[in-house]
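The values are calculated or read from the model by the stated rules, or taken from the named source; none is laboratory data. Not measured: the values here are computed from a predicted model. Positions of Cβ are generated from backbone atoms using ideal geometry, with glycine treated the same way; all protein chains shown enter the neighbour counts. Each accessible area value is taken on the protein alone, full model and side chains, heavy atoms only, with ligands, DNA and RNA left out. Shrake-Rupley method; radii C 1.70, N 1.55, O 1.52, S 1.80 Å.
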Amino acid sequence: MAEPAGDVEALPRGGFRCCLCRVTVANKPSLDDHLRGKKHQHLENLRSIRQTQELRSVFVSGFSKGTPASELSDYFQAYGEVINVVMDKDKGVYAIVELQNEEMLKNVLAQTNHSLGGQKLRVKPREKKDFKKKPPRKQGSARQQQLNPEKLAQKLCEADDVDAQMSLMVQLFEFSESERRLRDLVVTLFQEVFLEFFPGSAILPFGSSVNSFDVSGCDLDLFLDLEKAKHFQASAKGSSASQDGANPKLDSQSEDSLLSDVDLTTATVPEVLELVATVLQKCVPGVHNVQAVLNARRPVVKFCHKESGLRGDISINNRLALCNTRFLQLCTEADERVRPLVYVVRYWAKQQVLAGNPFGGGPLLNNYALTLLVLFFLQTRSPPVLPTVARLRELLDDEEQTTVDGWDCSFPKDSAKWDPSRNKESLCSLLAEFFHVFEDYDFSGCVISLQEGQLLPLSTFLSSEVSDKFKIGSFNLQDPFELSHNVAANVNKKTAQRFQLCCRSAAKYCRSLQYQRKSTKGKIWGLVRLFQPGNLETEADTAGELIICLPLTLAALPSKSPEHHGGDFHQLGFQKVCAGVAFVLRDVLKCSCLETQGFGEELASNDSKKEEEQSETKNEPLAAGFKRSLDDGEEKDIFSPFAKRPRTEALLPSGENMTWDCSVWHHVWQGRRRVRRQLHALHPDPKDKAALLELEAKVSEAISQQKGEARPVDPLLRFIVCAQLDVDGTPGKPDTHISLRFTPVPEQAVAFKEFFHFLQHFLPRMVEHHLASQAEPQVQ
Ligand code: ATP
Ligand code: MG
């Protein structure tokens with residue numbers, strides 16, 4: 001049977017892939033069956049209908065917002081019959097108008113002056129898209145729900161050995177086929193819109209969506225490549241200047257694009273990103289929460305995509321990331337142990353709050369840095385599992401030389417050319433060795449080099465050319481290509497120390513039979529205990545205090561650079577985050593939470609008066625530092641209707657630390673998932689962050705009322721939280737974060753731990769939601 005050109009791709013080992021239906025088959029007869037089958041025929045049919053529709057459709061913009069489809073239809077009726085008008089539902093700024101036939105299309109396009117209701121219309125041929133099958137919706141989140149820690153533990157315990165557990169981790173977390181398709185579709189959507197506005201541009205995904213370390217629901221990192229668009233703009237300008245409008249194609253496209261507003265060659269990165277933000281906000285259906293973050297090392301525009309639930313960002317000067325993404329991907333192709341090992345280490349580090357900063361900044365390792373650490377470990381095994389970057393350069397063909405931003409990014413782009421590994425270690429032993437190797441590492445005294453596959457002593461490194469710009473810190477991990485970049489420069493001393501301590505505990509556990517052998521008595525074994533938050537952290541906990549770090553979150557900061565805000569910049573962020581913390585403790589978790597310093601005098605005196613009365617009536621001995629208790633007034637406040645409360649803002653400190661005296665009255669950290677599920681059935685799908693917080697507040701309220709009793713006489717837990725603004729790092733690139741130090745009453749130290757572990761995950765997320773819900777739109 002003849003296959004339709006372009007639809008079928010031959011795969012290695014005799015298989016085929018039908019790109020139209022995204023189906024892979026093992027051999028030619030199965031391919032023929034598929035091509036004759038209903039599904040393929042149906043999609044072919046649908047495609048040909050769409051193609052004919054496309055050939056007679058125009059893309060119309062420029063009309064006033066809110067213009068009904070009927071008005072557009074009436075307008076184009078003047079040229080013949082209008083079959084259909086599809087409005088851009090979300091923003092109402094463009095429409096696709098399907099005309100009777102191509103003849104009519106020609107007539108419409110021949111007319112250069114279209115106007116409706118006094119507005120000049122821009123009318124052009126509809127962009128031709130590749131036909132793709134629609135994915136089912138929101139697969140990612142559905143899959144993630146299945147993966148709660150209990151279910152994960154249960155599934156892992158069913159595996160036969162640690163190697164099987166590690167492979168299972170990949171299967172459980174990686175994208176499903178449908179989530180991958182969904183991402184492809186979102187990328188295509190972005191590509192189409194950006195092409196309209198930046199002719200010649202390309203949208204290229206990088207990071208975990210494509211580097212083989214995909215985790216269901218992870219962010220979507222996009223690079224907007226404007227290189228060709230710059231040339232396009234230059235030639236469009238050149239030709240209109242020299243030919244005075246004699247090139248209608250370029251003219252019409254450049255007129256319609258936003259390129260005419262900005263010169264891409266001379267515009268600054270922030271200027272272009274502001275434009276990108278505008279296009280995203282106004283023209284991409286389903287996109288919301290658009291925020292330009294211009295003060296990051298790599299400025300980006302963040303966005304959410306409503307239908308898919310995807311969050312992501314777009315950058316325009318991050319070509320190196322495309323390169324390191326490809327490198328990571330090739331490492332996974334070179335050895336099949338790389339993926340399971342990285343998935344397990346990433347999950348372990350997330351559970352131990354060592355990696356995966358909830359805000360994107362902060363003092364923890366990011367997933368890229370953590371992955372490089374695993375790759376480095378694999379380069380240094382004997383014999384190595386992975387080659388060093390220097391070794392890869394020796395295997396290069398001449399044509400594979402690549403330089404990006406002045407850095408040598410050459411490596412063979414086909415993993416078949418990489419040396420096959422002679423290392424035979426099992427996954428189980430590699431994981432144990434990973435922890436063992438890093439338990440005594442001197443992270444601050446040397447630089448980890450993936451280029452050389454070696455630890456470079458600081459003294460040696462400092463004499464190298466690249467050391468000038470390299471930010472030496474507590475954790476020095478050199479990017480494999482951008483050699484002057486420390487990918488772990490954000491990691492502070494405490495995190496580096498905790499990383500070591502956690503590795504030490506993990507290494508110790510990995511020496512036990514509980515790790516190595518499946519339990520015959522139904523007890524947890526293998527990876528499961530490794531993943532329990534803080535479970536192995538006894539040494540780390542006693543060595544340190546109970547601290548949660550919140551970066552001066554991007555959500556809390558204005559999108560402009562600190563210079564625009566003078567000295568208020570940090571204080572403003574600090575105040576917002578503190579208000580968020582108080583909000584989450586008080587309004588979401590229904591704790592009593594009294595500020596004990598730094599607030600307005602009037603409120604302070606009111607509160608202390610009430611508290612004095614309260615202490616007298618309660619007559620309970622309080623530990624040092626626990627001078628305040630709760631009053632009836634606050635109880636009303638706690639259960640007051642959920643609303644934005646200016647009061648929290650009024651209580652903000654004028655200095656840069658803040659202390660609250662808190663009491664927890666109910667087990668609000670237990671069984672939340674179940675209660676949330678029940679409430680979710682009554683109030684499905686919170687619409688925005690405020691609604692999500694409201695739902696969490698209802699969960700706490702429901703838990704508080706579960707036993708049908710009022711608040712108990714004594715709180716379950718009492719503790720003090722002290723928030724402090726810490727600035728580490730260097731003057732040029734400060735690492736600013738807020739540390740929340742928790743001090744429970746001494747006799748509750750053990751009981752408090754459980755609540756604290758819950759807060760470690762819950763609090764940063766909720767503060768982030770709160771800030772997002774409060775944030776004014778950054779881009780109009
Ligand atoms: P995930 O999104 O699951 O946390 P990721 O690999 O996508 O994992 P991101 O933090 O989203 O990690 O970063 C996306 C990509 O940007 C990385 O894969 C890497 O290519 C690049 N990148 C991230 N951080 C750095 C960094 N510090 N230095 C250089 N490149 C980085
Ligand atoms: Mg990412």
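Brief remarks on what is shown
- Protection proxy ranking, peptides 334-342, 105-113, average beta carbon neighbours within 10 Å, highest first: 334-342, 105-113
- Taking a ≥ b ≥ c as the square roots of the eigenvalues of the Cα gyration tensor, the stretch 1-54 is prolate, since a/c reaches 1.5 or more and a/b is larger than b/c.
- The label-point distance for VAL713 and ILE49, in a model that sets each label 7 Å from Cα toward Cβ, rounds to 7.3 nm.
- With the gyration tensor restricted to C-alpha atoms of the stretch 321-530, the semi-axes of the equivalent ellipsoid amount to 29, 22, 15 Å, longest first.
- Bridge type composition, the stretch 321-530 - antiparallel percent by DSSP, nearest 5: 70 percent
- Cut-off under 5 Å, modelled amide H: who pairs with VAL8 long-range: CYS19
- Gained length - GLN532 relative to GLN111, 0.36 nm times residue gap less alpha-carbon distance: 144.8 nm
- ³J(HN,Hα), Karplus 6.51/-1.76/1.60, whole Hz, each residue of the stretch 765-775, x for Gly, Pro: 5, 5, 4, 4, 4, 4, 5, 5, 5, 8, 4
- Shape category assigned to the stretch 344-397 from the gyration tensor of Cα positions, a/c cut at 1.5: prolate
- From largest to smallest, the equivalent ellipsoid semi-axes obtained for the stretch 1-102 from the alpha-carbon gyration tensor read 40, 15, 10 Å.
- Alpha carbon convex hull of the stretch 56-132, volume per residue in cubic angstrom: 90 Å³
- Cross-link pairs beyond the 25 Å C-alpha cut-off, checked among LYS302/LYS689; LYS155/LYS753; LYS65/LYS687; LYS350/LYS493: LYS155/LYS753
- The stretch 287-345: Cα Rg divided by the 2.2 N^0.38 Å rule of thumb: 1.48
- Once all protein chains are placed together, HIS570 keeps about 60 Å² accessible to a 1.4 angstrom probe.
- The calculated FRET efficiency for the pair THR265 and GLU192, based on their C-beta separation and a Förster distance of 30 Å, comes to about 0.80.
- Surface composition of the stretch 56-132: carbon and sulfur atoms hold 44% of the protein heavy-atom accessible area at a 1.4 Å probe.
- Farthest positive-ward along the stretch 289-412 dipole, Cα basis, beta-carbon charges - from THR403, ASN367, GLY356: GLY356
- Principal axis extents of the C-alpha atoms in the stretch 323-429 (largest first, rounded to whole Å): 44, 37, 18.
- Here the extension length gained between LEU682 and HIS231 equals 156.9 nm, from 0.36 nm per residue of separation less the Cα-Cα distance.
- Under a 5 Å amide H cut-off, with hydrogens placed 1.01 Å from N, TRP665 pairs with SER592, LEU716 among residues at least 5 apart or on other chains.
- Amide H contacts of VAL447 (H built 1.01 Å from N, under 5 Å, at least 5 apart or other chain): LEU456, LEU458
- Cut-off 15 Å between beta-carbons: net charge of the residues surrounding GLY117, Lys and Arg +1, Asp and Glu -1: +1
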